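Enquirer: One structure follows; several queries about it will come next.
The values are calculated or read from the model by the stated rules, or taken from the named source; none is laboratory data. Just so we're clear, the structure is a prediction, and the values are computed from it rather than from any experiment. Cβ placement follows ideal geometry from the backbone for every residue including glycine, while neighbour counts extend to all protein chains displayed. Ligands, DNA and RNA are excluded from the accessible area calculation, which covers all protein heavy atoms including side chains. Shrake-Rupley method; radii C 1.70, N 1.55, O 1.52, S 1.80 Å.
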Amino acid sequence: MPTGPQFQRLPDQNRATVTLTVEGRTIEAKTGETVAAAILAAGLLSHTRTTPVLGAERAPYCMMGVCFECLMVIDGEPNRQACMTLVQDGMNVERQLGARTAPAPAQEVA
Amino acid sequence: MSLPAPCPTHDLIVVGAGPAGMAAAECAAGLGLSVALVDEQPRPGGQIYRATGASPLADASILGPDYQRGAALVEALSRHRIECFYNATVWQVTRDREIGLLVQGQTRLLQGRAIILATGAMERPVPIPGWTLPGVMTAGAGQILLKSAGLMPSASVVIAGSGPLLFLIAWQYVQAGVTIAAVVETTPHGNYLRALRHLGRALKANEYLRKGVALIAGLKRAGIPILRNARHLRAEAGADGRVARLHFRTGNRDRSIECGLLLLHQGVVPNTQITRALDCSHDWDALQRCWRPRVNEWGATDVPGLWVAGDGAGIAGARAAEHSGRLAALDAARLLDRIQPSERDEKAAPDKAALAHHGAVRPFLDTLYASAPDILVPSDDTILCRCEEVTAGDIRHFVALGCQGPNQAKIFGRSGMGPCQGRLCGLTVAEVIADARGVPMEEVGYYRIRPPIKPITLGQLADLDIPQEAAE
């Protein structure tokens, strides 16, 4: 759902670029910024999660880790705060739709 | 949650590396205490000096001269041996002064002989109809994106609300070349009159007033429309589900402005999540309309060995935070017998004088920028609890059914039980209940906050490395 970006980048200090996959599409981000910032700069998503109660669309709100509106599935792990998670090259980010699902156990417990 | 206690790992653990935390850590380390400094961000600075010394901006001067102060604090910090834990989420603090950390997915426990909480402020929630729409953010969020990621709005931006930060972010955007559609100020006209009687005292710290006047003048020179005395704000979505316009009323006129980004602000309030989880006593501040942990002149709470410094103990601003950080550190050093009370008092004198100076402007600012009644106690159709989608009308309905306070409201309708743990609705839910019952805030109280105060998975908790003898 491409919508116009709400943010753009100011001239910066030539930070290195990394690549993330967001909802199956590739975006570029700058090292040192958060996943939420990268997604807002890319303007790729109109919302980053839907609520478990009413399915309402939400997007990052406070950018400082208090509102939990930016919960996303990052590298398969749900309930990650995108505004508190720094981008890493090759990261896979998906929207969290409704209630988060428990990830499959990494290994069998003997 | 009770975990086996490790031995004290540090004399002092400081939680939060903003101005209060940096000053506390530096002061304590200078007195010979072993100090750990913990922060959720990748580097020191807190929100006010976010990304200081590592700004992504080619020209960080657009952030203004006050921002540059952060670099000096970080510099002072670096002159001492302090064990710093950055990117570290604090998920628990106990009355035994243990701190549960999550760093890069790894859990660990620290224990301090003393703890200073310098967790600062968060923006007061701005519950208006439509504040949950994508594209509606806080003014602070806009500022964090500017400081930490070098982002400025490309969509048409409206900045709405009340408080000094409203004008600061607008001024910073103007420096960055952003065209601001409008600044919509909700400060009620009556506040100006009420604030006047505090002006004499505020003039003692007139640098604050001069700064404010200069910011507003700068905005006017830049031709930014400033619409005053706005009431009944309501954000409306466009076809794509994102915010498209802001409706409001000034005088007898209904107005609306198109916007692709709406930044809201109603001042800041102490982030009391940790002091609440520790069951410290809190008092209602009727002027700042927020709860503050009960502390003495040194920042000591009623939990032994626990201090609160900076805006977390009541909003006084970044410069005051440095001084309250040092006062807490001096008192902690006194408690640990590193300095005598007389030495503490002597070293504290300049900080106490500076605190009084910075405090002189607060009654004026707090009265002038007091939130309008329709924001503190919103209309029925306004969502208060964003996580569980509980409206003001729902809360009033619960009160009619006999709900007495926020904790009962949880049982009636889950408000405060989502992932933010009441951070974004606690104040408003209590205000609406107090208003509906016609009783003071002290009588309705606040949510009971329980650890973990930040999400931690069972797997991460199970990975906790507990010393064998402690586990037995």
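Enquirer: Among (1) crowded, with 20+ Cβ neighbours inside 10 Å; (2) without any contact (Cβ under 8 Å) to a residue 40 or more places away in the chain, which single condition is residue B:429 missing?
Expert: Exception for residue B:429: condition (2).
Enquirer: OK, next. Tally the residues that are aliphatic (A, V, I, L, M) and within 16 Å of residue B:227 (Cα to Cα), restricting the search to the stretch B:170-205.
Expert: Residues flagged as aliphatic (A, V, I, L, M) and within 16 Å of residue B:227 (Cα to Cα) within the stretch B:170-205 amount to 6.
Enquirer: Any idea which of (1) surrounded by fewer than 19 Cβ atoms within 10 Å (Cβ to Cβ); (2) of a type in the set (Ser, Thr, Tyr); (3) in contact (Cβ under 8 Å) with a residue 40 or more places away in the chain is the one residue B:342 doesn't satisfy?
Expert: Condition (3) is where residue B:342 drops out.
Enquirer: Mind checking which residues of the stretch A:63-89 are among the β-branched types (Val, Ile, Thr) and either surrounded by 24 or more Cβ atoms within 10 Å (Cβ to Cβ) or not in a strand (DSSP E or B) (or both)? Steps first, please.
Expert: Residues of the stretch A:63-89 that are among the β-branched types (Val, Ile, Thr), as a first pass: A:66, A:73-74, A:85, A:87.
Listed by number, the residues that qualify are A:66, A:85, A:87.
Enquirer: Residues of the stretch B:236-255 being without any contact (Cβ under 8 Å) to a residue 12 or more places away in the chain and either part of a strand (DSSP E or B) or within 11 Å of chain A (Cβ to nearest Cβ) (or both), which ones?
Expert: Of everything in the stretch B:236-255, those that are without any contact (Cβ under 8 Å) to a residue 12 or more places away in the chain and either part of a strand (DSSP E or B) or within 11 Å of chain A (Cβ to nearest Cβ) (or both) turn out to be B:238, B:239, B:240, B:253, B:254.
Enquirer: Restricting attention to the stretch B:159-166, does a residue exist that is more than 27 Å from residue B:41 (Cβ to Cβ) and outside any strand (DSSP E or B)?
Expert: Taking every residue of the stretch B:159-166 in turn, none turns out to be more than 27 Å from residue B:41 (Cβ to Cβ) and outside any strand (DSSP E or B).
Enquirer: Hey, another quick one. If you go through the stretch A:24-42, how many residues are open to solvent by less than 10 Å² (accessible area, probe 1.4 Å) and in a loop (DSSP other than H, G, I, E, B)?
Expert: Total satisfying the criteria: 1.
Enquirer: Residue A:60 fails exactly one of the following numbered conditions: (1) assigned to a loop (DSSP other than H, G, I, E, B); (2) surrounded by fewer than 21 Cβ atoms within 10 Å (Cβ to Cβ); (3) at the interface with chain B (Cβ under 8 Å from one of its Cβ atoms). What is the number of that condition?
Expert: Among (1) assigned to a loop (DSSP other than H, G, I, E, B); (2) surrounded by fewer than 21 Cβ atoms within 10 Å (Cβ to Cβ); (3) at the interface with chain B (Cβ under 8 Å from one of its Cβ atoms), residue A:60 violates only (2).
Enquirer: Is it the case that the stretch A:87-96 has a residue that's at the interface with chain B (Cβ under 10 Å from one of its Cβ atoms) and more than 12 Å from the chain's Cα centre (by Cα)?
Expert: No: zero hits.
Enquirer: Consider the stretch A:61-79. How many of its residues are more than 16 Å from residue B:41 (Cβ to Cβ) and within 14 Å of the chain's Cα centre (by Cα)?
Expert: Going through the stretch A:61-79, the residues more than 16 Å from residue B:41 (Cβ to Cβ) turn out to be A:61, A:67-69, A:71-79.
Cutting the leftovers down to within 14 Å of the chain's Cα centre (by Cα) gives us A:61, A:68-69, A:71-79.
Total satisfying the criteria: 12.
Enquirer: Same structure, new question: Is it the case, given these coordinates, that residue B:420 is open to solvent by less than 50 Å² (accessible area, probe 1.4 Å), part of a loop (DSSP other than H, G, I, E, B) and within 14 Å of chain A (Cβ to nearest Cβ)?
Expert: Criteria met by residue B:420.
Enquirer: Turning to a different aspect of this structure: What number of residues within the stretch B:32-67 satisfy the criterion of being aliphatic (A, V, I, L, M), in a loop (DSSP other than H, G, I, E, B) and within 14 Å of chain A (Cβ to nearest Cβ)?
Expert: 4
Enquirer: Can you tell me which residue within the stretch B:72-103, out of those that are in a helix (DSSP H, G or I) and open to solvent by less than 50 Å² (accessible area, probe 1.4 Å), is nearest to residue A:85 (Cα to Cα)?
Expert: Step by step, filter the stretch B:72-103, then rank; the result is B:74.
Enquirer: Scan the stretch B:252-281 residue by residue and report those that are open to solvent by less than 40 Å² (accessible area, probe 1.4 Å) and small (Gly, Ala, Ser).
Expert: Listed by number, the residues that qualify are B:260, B:267, B:277, B:281.
Enquirer: Right, here's the next one. Go over the candidates B:195, B:235 one by one and state the one that is at pLDDT 95 or above, hydrophobic (A, V, I, L, M, F, W, C), more than 24 Å from residue B:367 (Cβ to Cβ) and open to solvent by less than 50 Å² (accessible area, probe 1.4 Å).
Expert: Result of the check over B:195, B:235: B:235.
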